[in-house]
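Student: Structure incoming, see below.
The values are calculated or read from the model by the stated rules, or taken from the named source; none is laboratory data. Please read these numbers as outputs of a predicted model, since none were measured by experiment. All Cβ positions, glycine included, derive from the backbone under ideal geometry; neighbour counts span all protein chains shown.
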Amino acid sequence: MGEPIIEARGLSKRYGAVSAVRDISFSIRPGETLGVLGPNGSGKSTIVKMITGLVEPSRGLVLFRGVRIEADQACYKRSFGYVPEQPDLYGFLTGWEYLDLVATLREIPPRIFREKAAAMLEGFTLYPHRDSPIASYSKGMRQRIVLIAALMHDPELLVLDEPFSGLDVTSALVTRLVVELLAAKGKAVFFSSPVLEQVEKMCTHLVVLKRGSVVASGPIGEMQAGFAGQSLEAGFMQLTEQVDAGRIAENIAAAALAPAR
Ligand SMILES: Nc1ncnc2c1ncn2[C@@H]1O[C@H](COP(=O)(O)OP(=O)(O)OP(=O)(O)O)[C@@H](O)[C@H]1O
Ligand SMILES: [Mg+2]
């Protein structure tokens, strides 16, 4: 098991009158994968930004190996690999140039960079596209190049905000298997997703969010058992929003179909 690699204690974030995240605590030990599941706007990215030090919590703290992340931000930044929800990529750089830039910033020696980058580009089927500008990449290709960039320096913590977004079935499967292999080597993984199916497959621990608050959390096996008789999916639907999707869709379609002039 070991000591937690990362721990969040009582994290809250307010944006003016909006309470984006309320009193969230968790810890991730080596080999564990924490999946944060919640609908759009439930606070997933806000948690991600707080644990990566990009956004200051209104309350609470984040500990990396027992030390507050503000204590040595440069050291902390070297320790994790981050896949943001909407990465800012320099479209004029080629995939290779982008990875080279990241490797330089990460102080990875050129020979090691070339070997790692080539192998990962090959695996994620981007090698033939390495010399094309990122602006020409599809959404899924961008997602994969950002993942490679996040993995190159062999971080002990992975923070992945909706890592499957835009990925086709094969890429999503390869990504999940890679994360599982890294976790098996003792990495700690935090990832978010609005899709239960993805979270359930990959995580050892689950946090379910609703409007910024935790409505359920625990080891995935216990969570599945806790919804005895009903699937985790039915439980998740109950925990989060209950909407009449059919009626909402009818209203939207009726508005769209109303005469436009
Ligand atoms: N910079 C900001 N300023 C004001 N409000 C914000 C800001 N960032 C997030 N919020 C609000 O905080 C809440 C949570 O947003 P967040 O982006 O964390 O949700 P999410 O779960 O990641 O959603 P999604 O699934 O759409 O990515 C939302 O109500 C959002 O409008
Ligand atoms: Mg988000």
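Student: Could you please find all residues in region 116-152 being touching a residue at least 40 places away in the same chain (Cβ under 8 Å), farther than 11 Å from Pro87 by Cβ and in contact with a strand residue (DSSP E or B) (Cβ under 7 Å, 6 or more places away or on another chain)?
Tutor: Listed by number, the residues that qualify are Pro133, Leu151.
Student: Give the residue, chosen from Val208, Val189, that is touching a helix residue (DSSP H, G or I) at 6+ places or on another chain (Cβ under 6 Å), within 17 Å of Glu85 (Cβ to Cβ), in a strand (DSSP E or B) and in contact (Cβ under 8 Å) with a residue 24 or more places away in the chain.
Tutor: Going through Val208, Val189 in turn, just one is touching a helix residue (DSSP H, G or I) at 6+ places or on another chain (Cβ under 6 Å), within 17 Å of Glu85 (Cβ to Cβ), in a strand (DSSP E or B) and in contact (Cβ under 8 Å) with a residue 24 or more places away in the chain: Val189.
Student: May I ask you to list the residues in region 34-79 that are within 21 Å of Glu107 (Cβ to Cβ), in contact with a strand residue (DSSP E or B) (Cβ under 8 Å, 6 or more places away or on another chain) and either of a type in the set (Ser, Thr, Tyr) or part of a helix (DSSP H, G or I) (or both)?
Tutor: Thr52, Tyr76, Ser79
Student: Also, quick follow-up: Could you say whether any residue in region 60-82 is surrounded by fewer than 19 Cβ atoms within 10 Å (Cβ to Cβ) and within 12 Å of ligand 1 (Cβ to nearest atom)?
Tutor: Looking through region 60-82, none of the residues is surrounded by fewer than 19 Cβ atoms within 10 Å (Cβ to Cβ) and within 12 Å of ligand 1 (Cβ to nearest atom).
Student: Pairs please, first residue from region 46-59 and closer than 18 Å to Pro87 by Cβ and within 13 Å of ligand 2 (Cβ to nearest atom), second anywhere and assigned to a helix (DSSP H, G or I) and among the charged types (D, E, K, R), Cβ atoms under 7 Å, 6+ apart in sequence or on different chains.
Tutor: Note: pairs meeting the criteria are Val55/Lys49.
Student: How many residues are within 13 Å of ligand 1 (Cβ to nearest atom) and either assigned to a strand (DSSP E or B) or basic (Lys, Arg) (or both) if we restrict to region 160-186?
Tutor: 2
Student: Of the conditions (1) under 30 Å from Arg144 (Cβ atoms); (2) more than 11 Å from ligand 1 (Cβ to nearest atom), Pro57 satisfies every one except a single condition; which number is it?
Tutor: Exception for Pro57: condition (1).
Student: Regarding Lys201, is this residue assigned to a helix (DSSP H, G or I) and modelled with pLDDT under 95?
Tutor: It is true that Lys201 is assigned to a helix (DSSP H, G or I) and modelled with pLDDT under 95.
Student: So, in region 4-33, how many residues would count as being within 11 Å of ligand 1 (Cβ to nearest atom) and outside any strand (DSSP E or B)?
Tutor: Qualifying residue count, region 4-33: 2.
Student: Quick check on this structure: which one of Tyr82, Tyr90 is in contact with an Asp or Glu (Cβ under 9 Å, 6 or more places away or on another chain), assigned to a loop (DSSP other than H, G, I, E, B) and either more than 16 Å from ligand 2 (Cβ to nearest atom) or under 20 Å from Arg144 (Cβ atoms) (or both)?
Tutor: Step by step, each of Tyr82, Tyr90 is checked, and only Tyr90 is in contact with an Asp or Glu (Cβ under 9 Å, 6 or more places away or on another chain), assigned to a loop (DSSP other than H, G, I, E, B) and either more than 16 Å from ligand 2 (Cβ to nearest atom) or under 20 Å from Arg144 (Cβ atoms) (or both).
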